[in-house]
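Novice: Got a structure for you, written out below as structure tokens; questions coming shortly.
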Amino acid sequence: APRKEPLALVVQGDRGSRTVAARDGLTIGRDSRCVIDGIQLTSPVVSAKHAALVEELNGFSLMDLGSTHGTYLNGVKLIKGERYPLADEMVIQITRLPKVPKIVVRSMAKLLESPLADDAEAAIVGDSGAMLGVRQKFARFAANPRLTVGFVGETGCGKELAVRALAAHAGKKL
């Protein structure tokens, strides 16, 4: 059987970007459950459950769930309920209307190879969903300058590295 390439979805919006690991059933939409189960986009032109990822034998596919304004993959409008295979560098548009973030499909391997803005941030590596979750949390924490964050762990587990990565996300020098 062909080997599945791990993929990530990079959501690029007005407030920066965030990365989410591709997984079966990941839903893109306005619904509040998308915060936990997928990618929530708060624009009123996005349907509650707009589109979803489906894991197949040789990779992931994207499926429009009957959205009002359509889902586009590399500029082509998807047919409701049809599955469209995803690959590195593809662009998902949730509607063609302005002010809705676009989502870029990235190969997890290429994403981890790409140069990052800061050496401290680059030192946080790993291709698991958990590590992508750590990066997402750093981005959320860094966006809130009034938030106090503490790191607890054994000696050598990477607390200092995590502090430096969080500072890099916030644009601060230590």
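Novice: Pull up the stretch 124-174, narrow it to residues that are within 30 Å of E5 (Cα to Cα), at pLDDT 70 or above and in a loop (DSSP other than H, G, I, E, B), then point me to the one that is most open to solvent (accessible area, probe 1.4 Å).
Specialist: Within the stretch 124-174, the match that is most open to solvent (accessible area, probe 1.4 Å) is C157.
Novice: Looking at E121, is it at pLDDT below 70 and open to solvent by 70 Å² or more (accessible area, probe 1.4 Å)?
Specialist: no
Novice: Residues that are in contact with a Pro (Cβ under 8 Å, 6 or more places away or on another chain) and either at pLDDT 95 or above or buried (at least 16 other Cβ atoms within 10 Å of the Cβ) (or both): find the strands (runs of 3 or more DSSP E) completely inside the stretch 1-87 holding 1 or more of those.
Specialist: Of the strands (runs of 3 or more DSSP E) lying wholly inside the stretch 1-87, those with at least 1 residues that are in contact with a Pro (Cβ under 8 Å, 6 or more places away or on another chain) and either at pLDDT 95 or above or buried (at least 16 other Cβ atoms within 10 Å of the Cβ) (or both) span 7-13, 16-21, 59-64.
The values are calculated or read from the model by the stated rules, or taken from the named source; none is laboratory data. Keep in mind that this is a model prediction, so the values were computed, not measured. All Cβ positions, glycine included, derive from the backbone under ideal geometry; neighbour counts span all protein chains shown. Protein only, heavy atoms only, side chains kept; ligands, DNA and RNA dropped before computing areas. Shrake-Rupley method; radii C 1.70, N 1.55, O 1.52, S 1.80 Å.
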